[in-house]
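Taking it in order: structure first as structure tokens, then the write-up.
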Amino acid sequence: GGPEYALDNYGPPAPGASIEDFNHYDPINTYQEIRKYTGDSYYDDVIDVPVYQYRDTFVIASGGKVQTHHINTVGLKDHYINTGDTASRDAVLLLNLNSAANPGFSYDSNPTARRWNNARGNSYCLLACLPYEQVGAAPKAPPEEIKDVLLGIIDQWIDGTDHTGAPSPCTAFQVMMGGIVLYALIAYHDRFGDAAIPPKVKELLDHMWT
């Protein structure tokens, strides 16, 4: 879709609609990948729409205080690298402050955050910790605890349990959610290396094929 599609899907919400409804997943990354794949400058204008909608009116306007399943840093990081737009860099840093990397966050006080149905939010929190050097900030290793929670979520999906070990089969496993977890764990492994990740990636892929 072109600018018209982007405006329809990522433009200002209709009266009474929640602005969060327009900021699922990572539209900035999606359109940048299309631009890179096609080489078509037509998509430069398309990219501007979710940049305005997600970055300016959602992330920056809220000081980065968005729900974890709306923490989309990959597109913003690449937008900063591609354009030099410092507002995208600043938005990445704001989102990190609101992720599970925040020193004020505790899985002990938020135990259900470890459960399999929070796979997306935990994945986005881990991804929010990774791009520091790429946006010109001081190096910062992400908390291993987030990575360990994601590894535990893979076990929950496969074993049919929840974060407490009690039976809690995921009867509607979504391959998309599995893909988001894999993307985050592979990005972590590429950056820091972790011997526990490759076998878990294989386990989840095998589970997804069954």
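The values are calculated or read from the model by the stated rules, or taken from the named source; none is laboratory data. For clarity, every value in this text was computed on a predicted model and none was experimentally measured. Note that each Cβ is placed from the backbone with ideal geometry, even for glycine, and that neighbours are counted across all protein chains shown. Areas reflect the complete protein model, heavy atoms only, side chains present, ligands, DNA and RNA absent. Shrake-Rupley method; radii C 1.70, N 1.55, O 1.52, S 1.80 Å.
A few remarks follow.
- Note on the stretch 161-193: residues that are at pLDDT below 85 and either part of a loop (DSSP other than H, G, I, E, B) or aromatic (Phe, Trp, Tyr) (or both) amount to 12.
- Criterion: loosely packed, with under 15 Cβ neighbours inside 10 Å and closer than 25 Å to GLY193 by Cβ - qualifying residue of ALA119, ALA128, ALA61, ALA137: ALA137
- Breaking point among (1) open to solvent by less than 50 Å² (accessible area, probe 1.4 Å); (2) under 25 Å from TYR188 (Cα atoms); (3) in a helix (DSSP H, G or I), for ASN82: (1)
- Residue count for the stretch 131-154, restricted to those that are modelled with pLDDT of 85 or more and either touching a helix residue (DSSP H, G or I) at 6+ places or on another chain (Cβ under 8 Å) or of a type in the set (Gly, Ala, Ser) (or both): 9
- Some residue of the stretch 44-67 being under 30 Å from GLY160 (Cβ atoms) and touching a residue at least 40 places away in the same chain (Cβ under 8 Å): yes
- When the stretch 85-94 is filtered for residues that are part of a helix (DSSP H, G or I) and open to solvent by 30 Å² or more (accessible area, probe 1.4 Å), the ones remaining, listed by number, are THR86, ARG89, ASP90, LEU93, LEU94.
- Taking the criterion of being in contact (Cβ under 8 Å) with a residue 24 or more places away in the chain, assigned to a helix (DSSP H, G or I) and over 12 Å from the mean Cα position of the chain (by Cα), the residues of the stretch 119-140 that qualify are GLN134, VAL135.
- Taken over the stretch 173-195, residues that are over 21 Å from THR68 (Cα atoms), exposed (fewer than 12 other Cβ atoms within 10 Å of the Cβ) and not acidic (Asp, Glu) amount to 2.
- All of (1) open to solvent by 50 Å² or more (accessible area, probe 1.4 Å); (2) of a type in the set (Phe, Trp, Tyr); (3) at pLDDT 85 or above hold for TYR25 with one exception: (3).
- If you go through the stretch 38-77 and keep only what is of a type outside the set (Gly, Ala, Ser) and in a loop (DSSP other than H, G, I, E, B), you end up with ASP40, LYS65, VAL66, GLN67, ILE71, ASN72, THR73.
- Of note, GLN156 does not satisfy the criterion of being open to solvent by 20 Å² or more (accessible area, probe 1.4 Å) and closer than 18 Å to ASN117 by Cα.
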